[in-house]
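Worksheet: the structure to be examined is printed underneath.
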Amino acid sequence: MKRLAWFTGIILVTVTLLVGINMRVAYLERPTSATATTKTLTIFNWGDYIDPALLKKFEKQTGYQVDYETFDSNEAMLTKVEKGGTHYDILIPSDYMIQKMKKQNLLLPLDHSKLTGYQNYDPRFLNQPFDKGNKYSLPYFWGTLGIVYNDKYVKADEVKTWNDLWNTKWRDSIMLYDSSRDMMGMALAANGDSINSKHQADLMAAKGRLDALMPNVKAIIADEMKMYMVQDEAKIAVDYSGDASIMVDENPHLHYVVPNGAGNIWFDNMVIPKSVQNKPAAYAFMNFMSEPKNAADNAIYNGYATPNQAAAKLLPKATLDDQQWYPKQSVLDKLTTYEDLGPYWTEEYNDLFLEFKMTTKR
């Protein structure tokens, strides 16, 4: 990614606008002068995770210039921040990663007196275990892990629970998302164990369940899953609700379901790193994204569920009534956020999932 370069003492500014798939605002080098820093907001976010029109609106409304960079995993984001020397003003990590970054003293506590839209958020999505009292974060999007199925080949009552995936009827029919935490979590939930288990016996049992699922697995992939499911390349997939919404929009035969019972509810939240270069701009962005109209526009663009209850009122009634994306509270009550497992148990999850992926199908 290219950023904007401001060379102290030399009047030389080279700006190249990169228009890509994400329509990101990017520049040659980061700002190096105090003057440039006060005019720039640098955001580190997931790819294609904000309506580009909102970035332009924010710039026009506030006068700040946005430098937008992306990451493809929480771990990649953390590695870059840990190395130091970063210039990010806003990060958007997931629940367990926020918990981990708090422990590592990488986040700046929020001054709630500077937050103008806090009252717009649904109380259900505040005060979560990973950030009690929202001392460090504000909700950005939330969603679930679930099952996408194609009604050409699968009936709705055939995929009501995680355990339904093990039906021999689905041999060579299922695509799994390439994520150790999610797939181990799915297997733990199928076994009736905590998706945050730190018991070796539970993890070995979950690994055994995944091994038993292998005959049904067509592929273990990541973002390309959306394209394959839209093109009818598989009957079933395990993926996130936001990805599923894109699939469903592009193929009317696809549907998404949150399996009955235990599972994962996730949150991506806005945080300010301790290395923040432009604190006023960071608060300005948080407040901008907390405005109902902006949050609603972002939800429409991305397809993810908004935690902003004032924004939700601006969404089409059909969207809010669609339990694929906004499940009933009775369903949400059974779901759990991921917790920071610590280095030892994180490695155990990763190693067991890697062993599963290396299993030869017979």
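The values are calculated or read from the model by the stated rules, or taken from the named source; none is laboratory data. No experiment lies behind these values; they were computed from the predicted model shown. As a convention, Cβ positions derive from the backbone with ideal geometry for all residues, glycine included, and neighbour counts pool all protein chains shown. All accessible areas refer to the heavy atoms of the entire protein, side chains included, with ligands and DNA or RNA removed. Shrake-Rupley method; radii C 1.70, N 1.55, O 1.52, S 1.80 Å.
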Inset, instruction - Any chance you could count how many residues in segment 70-129 are in contact (Cβ under 8 Å) with a residue 40 or more places away in the chain, out of contact with any Asp or Glu (no Cβ under 9 Å at 6 or more places or on another chain) and β-branched (Val, Ile, Thr)? - result: 3
Legend entry - Meets criteria (more than 26 Å from PHE141 (Cα to Cα) and part of a helix (DSSP H, G or I)) for LEU188: no
Inset, instruction - Would you mind finding the one in ALA299, ALA318 that is in contact with a helix residue (DSSP H, G or I) (Cβ under 9 Å, 6 or more places away or on another chain), of a type in the set (A, V, I, L, M) and part of a helix (DSSP H, G or I)? - result: ALA299
Inset, instruction - With the checklist (1) buried (at least 19 other Cβ atoms within 10 Å of the Cβ); (2) touching a strand residue (DSSP E or B) at 6+ places or on another chain (Cβ under 6 Å); (3) over 21 Å from MET77 (Cβ atoms) in hand, flag the one item ALA312 doesn't pass. - result: (2)
Legend entry - Tally, over segment 64-89, of residues that are open to solvent by less than 60 Å² (accessible area, probe 1.4 Å) and not aliphatic (A, V, I, L, M): 13
Legend entry - Members of segment 194-209 that are closer than 16 Å to TRP166 by Cβ and either open to solvent by 40 Å² or more (accessible area, probe 1.4 Å) or in contact with a Ser or Thr (Cβ under 7 Å, 6 or more places away or on another chain) (or both): ALA205, ARG209
Legend entry - Qualifying positions in segment 273-290 - more than 22 Å from the chain's Cα centre (by Cα) and surrounded by fewer than 17 Cβ atoms within 10 Å (Cβ to Cβ): SER275, LYS279, PRO280
Inset, instruction - Count, please, the residues in segment 210-225 that happen to be free of Cβ contacts under 8 Å to residues at least 40 places away in the same chain and either crowded, with 21+ Cβ neighbours inside 10 Å or in contact with a Ser or Thr (Cβ under 6 Å, 6 or more places away or on another chain) (or both). - result: 0
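Residue by residue, here is whether (1) among the aliphatic types (A, V, I, L, M); (2) on the phi > 0 side of the Ramachandran plot; (3) part of a helix (DSSP H, G or I); (4) modelled with pLDDT of 95 or more holds:
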| residue | (1), (2), (3), (4) |
| --- | --- |
| ILE43 | yes, no, no, yes |
| ASP48 | no, yes, no, no |
| HIS87 | no, no, no, no |
| TYR96 | no, no, yes, yes |
| SER113 | no, no, yes, yes |
| ASP131 | no, no, yes, yes |
